[in-house]
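See structure below.
The values are calculated or read from the model by the stated rules, or taken from the named source; none is laboratory data. Source: prediction; values computed, not measured. FYI the Cβ positions are ideal-geometry reconstructions off the backbone, even for glycines, and counts take in every protein chain you see. Side chains included, ligands, DNA and RNA excluded: accessible areas come from the protein's heavy atoms. Shrake-Rupley method; radii C 1.70, N 1.55, O 1.52, S 1.80 Å.
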Amino acid sequence: MPALETPLCDFGRPAPDFSLHDPASGKLLTPDSVRGPNGLLVMFICNHCPFVKAVIHRIVRDCRELATLGVGSIAIMSNDVEAYPEDGPEHMQRWARELEFPFPYVFDESQEVAAAYGAVCTPDFFGFNAGLQLQYRGRLDASRRETAPEGARRELFEAMQRVAATGAGPQEQIASIGCSIKWRES
């Protein structure tokens, strides 16, 4: 299966609305309910993707640190779980507990949220400022199917740190790469 790259950042695009159930808290989550005072990071991930597995510990680290800067985070899983049962809700929640996710990990069963965001792969990152305007659509770091060496530039973290401080993301961004979203056949 070929790897896909994300499109370039559409600066200023408003965050599409969503309402997804968080099994951990029992609440319905929306962009407004999960954003921090300085921004929001929306991530499309899944359990089985080797690109996600290569960076999941770094995602957890970066989201913990971003929370201290007032940036909220949420991970959304939008794959077809009939075709990829290892991405199902029970596996999602187990993984979130085992890795101590500092963000909600929710299931986009209808795949409408992924479509609204234009998500194309896992991982796919959307970094919004305090006004929920898109400022980052790039990669986490230089990792691909393998984790980049220690000391690799923390591109997503640095971009969101800048967004938290100034409201604007960097003009130069390198696309994220990963496995395609597994869309259900119509």
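Taking the stretch 130-151 as the range and being open to solvent by 30 Å² or more (accessible area, probe 1.4 Å) and assigned to a loop (DSSP other than H, G, I, E, B) as the test, the residues that pass are A130, G131, R139, A142, R144, R145, E146, T147, P149, E150, G151.
Only one of the numbered conditions (1) part of a loop (DSSP other than H, G, I, E, B); (2) among the aliphatic types (A, V, I, L, M); (3) under 18 Å from D62 (Cβ atoms) is not met by M160, and that is (1).
Against the test of being over 24 Å from D32 (Cα atoms), modelled with pLDDT under 95 and hydroxyl-bearing (S, T, Y), the options S180, S186 yield a single qualifying residue, S186. Checked against (1) open to solvent by 20 Å² or more (accessible area, probe 1.4 Å); (2) of a type in the set (G, A, S); (3) touching a residue at least 60 places away in the same chain (Cβ under 8 Å), G70 passes all but a single condition, namely (1). Residues in the stretch 23-63 that are more than 19 Å from S143 (Cα to Cα) and either without any contact (Cβ under 8 Å) to a residue 24 or more places away in the chain or surrounded by fewer than 17 Cβ atoms within 10 Å (Cβ to Cβ) (or both): P23, A24, S25, G26, K27, L28, T30, D32, S33, P37. Only residues that are within 20 Å of A96 (Cα to Cα), of a type in the set (A, V, I, L, M, F, W, C) and under 17 Å from the mean Cα position of the chain (by Cα) were counted in the stretch 1-40, giving 4.
Could you tell me whether any residue of the stretch 111-118 is open to solvent by less than 20 Å² (accessible area, probe 1.4 Å), at positive phi and not in a strand (DSSP E or B)? Among the residues of the stretch 111-118, at least one is open to solvent by less than 20 Å² (accessible area, probe 1.4 Å), at positive phi and not in a strand (DSSP E or B), which makes the answer yes.
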